[in-house]
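The values are calculated or read from the model by the stated rules, or taken from the named source; none is laboratory data. Quick caveat: nothing in here was measured; it's all calculated off a predicted structure. All Cβ positions, glycine included, derive from the backbone under ideal geometry; neighbour counts span all protein chains shown.
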Amino acid sequence: MTESSGDAAFLVPGTVEAAVEALGAAGAVALAGGTSIGLMVGQGLLAPSVLVWLGRIPELSVLEEEDGGMSIGATTTLAALAAHPRVRATVPALADAAASVGNTRVRAVATIGGAVGHADPRQDLPPALLALDARVEVAGRRGRRRLAIDELIDGFMSTVLDPDEVITAVRVPLVVGRRSCYLRYTPGSADDYPTVAAAATADVADGVPTAVRLAIGGAGPAAYLVPEAEELRGVPEGRWASATAEVAESAARRADPVDDRLGSAAYKRRMVAVWARRVLERCLGAEGALP
Amino acid sequence: MKMHARVNGSPFVAEVPATSSLLEVLRGAGLTGTKEGCRIGVCGVCTVLVDNRPVSSCLYLAGCADGADIWTVEGMAEHAPSVVDAFVECEGMQCGICTPGQIVAVASMGPDVRDERDVRHYLSGNLCRCTGYGTIVEAALDAQARRRDEVAPA
């Protein structure tokens, strides 16, 4: 279906293949929940020649568990993610991140694909998905491929996707016993973007971490992983407090924040250390993790 | 584009640009109960239901509303009468600007929204500058209780 309206066409493909074809047109922009694109069009920040709405492609709305992972269709809404019993039970960091975005109306239509594809560093989902070691599945003229979050997002509101590529799903590994936590710091209004956000996953066997991942959002051009979190592997509980504090300082050193209304760069860097330590302590099960 | 939808239960057809906002389309058709506030999806006065989901109609593109089942405050007496009754009886309003959005937002609440904390979280994106929220929250809790009673009469 093609509808022309002034100089913008509005396409509603019914399949991924048709969407890829439509996105091949010069100036085409993919649209899902529209909470960001609708805002940018309304504000005159974006004047696409073609809008390709992904809301009528059945393949993109499937959420299913499959061998060792959960495949979440790209147009799954944040409200659906936050309310999904299996998502909440298996990857609470993702459910909490989804429940934190914007307000009720945003979550009702905004999608997981949009949340990663928009590549806004203040978004809640990228750090959570990075900590969870998720893969973003993409379809385009060159075929299908899978990318880690930090491979997909290569800078401030920028991705490596070709213009004709569309995000089809996000695949999250499910590992028995893995804990995951997401915390965001919003000193202003609860529905604001986070000043900083921190996500962690931990596998703990016999009271000792065997794998730990930490990711930070809001404190750089894109969410980033803190590889020093791996140093928590094998650390006994008695040393968690000092070890997590060291990792949190590494997280702060890796931050590359900017001054804006959410805080000064120096303030955000200090908050990275605070919230990285809190999310690690909570994830490892230490007492007194939260104020 | 020619937008075909159902609005408040009746067939609705409008010739509009696909990139116009649903808010413009509705108000242009005379449904001025839905208000324009911040125009950036923050304040909630333009809340309408699209396929039973609450959306900021100021951001929602007409193209995405094609084929949808849309309800506005004008249809709430039919779609969610217990919510309207609750707002009237609890006086969940003062100047009235935010009221259409508050009523529609409450009408979109699922049964999982039960206590005051749930209500305040759910409505945190519907701003009110008069009431201090007390009577709005009261109305929302009352509406949810009425709807529970309708589902499972005592």
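Taking (1) farther than 17 Å from A:Gly218 by Cα; (2) in contact with a Gly (Cβ under 9 Å, 6 or more places away or on another chain) in turn, A:Val176 satisfies each apart from (2). For the stretch B:1-56, a tally of residues being of a type in the set (Lys, Arg), at the interface with chain A (Cβ under 9 Å from one of its Cβ atoms) and under 17 Å from the mean Cα position of the chain (by Cα) returns 2.
One residue alone among B:Val45, B:Val25, B:Val83 is crowded, with 21+ Cβ neighbours inside 10 Å, modelled with pLDDT of 95 or more and assigned by TED's automatic domain parsing to the domain that holds B:Ala140, and that residue is B:Val83. Consider B:Asp149 carefully, then state whether it is more than 9 Å from every other protein chain (Cβ to nearest Cβ), modelled with pLDDT under 95 and surrounded by fewer than 18 Cβ atoms within 10 Å (Cβ to Cβ). Criteria met by B:Asp149. Taking A:Ala245 as the residue in question, decide whether it is crowded, with 24+ Cβ neighbours inside 10 Å and of a type outside the set (Val, Ile, Thr). It is false that A:Ala245 is crowded, with 24+ Cβ neighbours inside 10 Å and of a type outside the set (Val, Ile, Thr).
Conditions (1) out of contact with any Asp or Glu (no Cβ under 8 Å at 6 or more places or on another chain); (2) at pLDDT 95 or above, marked per residue:
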position	(1), (2)
B:Arg6	no, yes
B:Ala14	yes, yes
B:Ala18	no, no
B:Ala29	yes, yes
B:Ser57	yes, yes
B:Tyr60	yes, yes
B:His79	yes, yes
B:Glu91	yes, yes
B:Gly101	yes, yes
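Here A:Glu137 clears all of (1) more than 14 Å from every other protein chain (Cβ to nearest Cβ); (2) in contact with a helix residue (DSSP H, G or I) (Cβ under 8 Å, 6 or more places away or on another chain) except the condition numbered (2).
Tell me whether the stretch A:232-244 contains one or more residues that are assigned to a strand (DSSP E or B) and either within 14 Å of another protein chain (Cβ to nearest Cβ) or basic (Lys, Arg) (or both).
No, that holds for no residue.
Within the set A:Asp133, A:Asp150, A:Asp164, the sole residue that is at positive phi, outside any strand (DSSP E or B), surrounded by 15 or more Cβ atoms within 10 Å (Cβ to Cβ) and not basic (Lys, Arg) turns out to be A:Asp133.
The rows are residues; the columns are (1) surrounded by fewer than 18 Cβ atoms within 10 Å (Cβ to Cβ); (2) within 20 Å of B:Leu49 (Cα to Cα); (3) hydrophobic (A, V, I, L, M, F, W, C).
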residue: B:Trp71; (1), (2), (3): no, yes, yes
residue: B:Gly96; (1), (2), (3): yes, yes, no
residue: B:Val104; (1), (2), (3): no, yes, yes
residue: B:Arg120; (1), (2), (3): yes, yes, no
residue: B:Ser124; (1), (2), (3): yes, yes, no
residue: B:Thr131; (1), (2), (3): no, no, no
residue: B:Gln144; (1), (2), (3): no, yes, no
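Counting only helices (runs of 4 or more DSSP H) that sit completely within the stretch A:64-123, those holding 2 or more residues that are charged (D, E, K, R), within 14 Å of chain B (Cβ to nearest Cβ) and surrounded by 19 or more Cβ atoms within 10 Å (Cβ to Cβ) correspond to A:104-109. On inspection, A:Ala255 fails the criterion of being farther than 22 Å from A:Ala93 by Cα and not hydroxyl-bearing (Ser, Thr, Tyr).
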